[in-house]
Amino acid sequence: MQNFIRDISLAPSGEDKILWAWRNMPLLRDIEAAFAAEKPFAGLKIALSIHLEAKTACLCRTLAAGGAEMYITGSNPLSTQDDVAAALAAGGLHVYALHGCTGEEYDACIRRVVEAGPDIIIDDGGDIIHMLHASFPEIEARVLGGCEETTTGILRLRAMDAAGQLRFPMIAVNDADCKHLFDNRYGTGQSVFDGIDRTTNLVVAGKTVVVAGYGWCGKGVAMRAKGLGARVIVTEVDPVKAIEAVMDGFSVMPMTQAAPLGDLFITVTGNCDVVGEKAFLKMKDGAVLCNAGHFDVEVNVKRLSEIAVEQKQMKPNIRGYRLADGRWLYVLAEGRLVNLAAGDGHPVEIMDMSFAIQALSARHIALNRGALPPRLTAVPREIDEAVAQKKLLTMGVAIDALTDEQRAYLHKT
């Protein structure tokens, strides 16, 4: 199938970005060398839907080095970088992704990687899995398994698994310690404010930041907001996480109470209508709203558009909505992932760990074809520990090891 990209002439710029990321991804470099010798994916097709930027390109090339025929698309209409897509296409991989594509174009790109008949799937948000199960039963029957990158995708998979609808094994990459403890917390925390800062050019210190959701991503965002000098309010529906936020030093209250206090609202829940009409009507003039969850439904931009009497594009990735009483509310990146739609996503070294988990989990599927149950399963512990050990080596950090006596003591009955 012919590539579907913006402009192949952009490839040199994309190659420069990829090279910069590659220089700072020692784990993937090590895995690529092992894959090149082992060829665990020889004769297999891998369909990948992840935010298509330089770090993802490094993962794609690592899998290709292992013998995979790669079919690549993005996982968000605004996070694809056209020059990176061009560089991958110029290197001989199958790429179907455009920055700023329409909903119809986005679905068509997902459809193309599905119609390639993949053996292994690497998904971010569950769009490939959803389309396969909904429309391509004859293709899903040949799938060996897949890996899911993000919290939102895991939620969708858990629902399918509980309903008995999952037709092949899926590995919950997001739940691996070397993924969610670092990617979700430190990656999201830093990259969200990278995207906000480069878009708004406004100071965070002294402002009140409302963080909706206190999962691992919310923890990272709240921690970074506090570090930048903001007063932080957390909203939650989970009582345990709410207590945790209180004990971490943050104010906790319902969104309707936080609405008139906040200067900047950041959603990280994976749910819909987290910031809706009731909150909009209470917000102060000039409040800025953005989303760091996977889909563009957490800030109810559709409803905001309906109640606004005027809309204006203030600058790239900032759209203003004037309400009937004259107040302006500002939405960043159309309510899509602000760290990717308005930035470069998580730091390179963080994604080196996450994509190492992805690559090794895909290898686990390839080497255990036919032996894994059609369920959502955890990343094997040995993969998590191997990545952690490699990461420590790259950081120049050594740790203790249990002695035989200590090991025996721990297992004493």
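The values are calculated or read from the model by the stated rules, or taken from the named source; none is laboratory data. If you're wondering where the values come from, they're calculated on a predicted model, not measured in any experiment. Virtual Cβ from ideal backbone geometry, glycine too; neighbours counted across all protein chains shown. SASA here: full protein model, heavy atoms, side chains in, ligands and nucleic acids out. Shrake-Rupley method; radii C 1.70, N 1.55, O 1.52, S 1.80 Å.
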Q | Counted residues, region 283-309 - those being open to solvent by 70 Å² or more (accessible area, probe 1.4 Å) and in contact (Cβ under 8 Å) with a residue 12 or more places away in the chain | A | 4
Q.
I'd like to check something: does region 87-98 contain any residue that is farther than 25 Å from ILE18 by Cα and hydrophobic (A, V, I, L, M, F, W, C)?
A. no
Q: Tell me which residues, restricted to region 94-104, are small (Gly, Ala, Ser) and open to solvent by less than 10 Å² (accessible area, probe 1.4 Å).
A: ALA97
**Q.** Spans of helices (runs of 4 or more DSSP H) in region 182-247 with at least 3 residues open to solvent by 70 Å² or more (accessible area, probe 1.4 Å) and free of Cβ contacts under 8 Å to residues at least 12 places away in the same chain
**A.** 239-247
Q: Please work out if VAL84 is at pLDDT 95 or above and either in contact with an Asp or Glu (Cβ under 6 Å, 6 or more places away or on another chain) or not aliphatic (A, V, I, L, M) (or both).
A: yes
Q) Exactly one of (1) within 19 Å of LEU340 (Cα to Cα); (2) buried (at least 24 other Cβ atoms within 10 Å of the Cβ) is unmet by SER13. Its number? A) (2)
Q. Do any residues in region 260-279 that are open to solvent by 50 Å² or more (accessible area, probe 1.4 Å) have Cβ atoms under 7 Å from those of residues that are part of a strand (DSSP E or B) and hydroxyl-bearing (Ser, Thr, Tyr), where the two are at least six apart or on different chains, and which pairs are they?
A. LEU261/THR208
**Q.** Matching entry among ALA33, ALA57, ALA21 (being part of a helix (DSSP H, G or I), modelled with pLDDT of 95 or more and open to solvent by 60 Å² or more (accessible area, probe 1.4 Å))
**A.** ALA33
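A quick yes/no check of all residues on (1) open to solvent by less than 10 Å² (accessible area, probe 1.4 Å); (2) part of a helix (DSSP H, G or I); (3) more than 23 Å from CYS272 (Cα to Cα):
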site: TYR106; (1), (2), (3): no, yes, no
site: ILE122; (1), (2), (3): yes, no, yes
site: ILE139; (1), (2), (3): no, yes, yes
site: THR152; (1), (2), (3): no, yes, no
site: ALA159; (1), (2), (3): no, yes, no
site: GLY164; (1), (2), (3): no, no, yes
site: ARG167; (1), (2), (3): no, no, yes
Q | Within region 248-316, strands (runs of 3 or more DSSP E) holding 2 or more residues that are touching a Leu at 6+ places or on another chain (Cβ under 6 Å) and of a type outside the set (Asp, Glu) | A | 288-291
**Q.** Flag if MET351 is touching a Leu at 6+ places or on another chain (Cβ under 9 Å) and modelled with pLDDT of 95 or more
**A.** yes
Q: Test SER79 against the stated conditions and say whether it is open to solvent by less than 10 Å² (accessible area, probe 1.4 Å), modelled with pLDDT under 95 and among the hydroxyl-bearing types (Ser, Thr, Tyr).
A: yes
Q: Could you tell me which of the residues VAL387, VAL379 is in a loop (DSSP other than H, G, I, E, B), among the aliphatic types (A, V, I, L, M) and crowded, with 18+ Cβ neighbours inside 10 Å?
A: VAL379
(Q) Tell me whether region 330-342 contains one or more residues that are within 21 Å of ARG156 (Cα to Cα) and outside any strand (DSSP E or B). (A) yes
Q. Residue check: is CYS101 in a helix (DSSP H, G or I) and either over 18 Å from SER354 (Cβ atoms) or under 18 Å from the mean Cα position of the chain (by Cα) (or both)?
A. no
(Q) So if I check each of THR199, THR208, which one is more than 21 Å from LEU261 (Cβ to Cβ) and either of a type outside the set (Asp, Glu) or touching a Leu at 6+ places or on another chain (Cβ under 6 Å) (or both)? (A) THR199
Q) So, in region 26-66, of the ones that are basic (Lys, Arg) and in contact (Cβ under 8 Å) with a residue 24 or more places away in the chain, which residue ends up farthest from ASN76 (Cα to Cα)? A) LYS39
Q) So which of ALA90, ALA134, ALA86 is out of contact with any strand residue (DSSP E or B) (no Cβ under 6 Å at 6 or more places or on another chain), open to solvent by 20 Å² or more (accessible area, probe 1.4 Å), small (Gly, Ala, Ser) and in contact (Cβ under 8 Å) with a residue 24 or more places away in the chain? A) ALA90
Q. Do you know which residues across region 399-413 are in a helix (DSSP H, G or I), of a type outside the set (Gly, Ala, Ser) and either surrounded by 10 or more Cβ atoms within 10 Å (Cβ to Cβ) or touching a His at 6+ places or on another chain (Cβ under 6 Å) (or both)?
A. GLN406, ARG407, TYR409
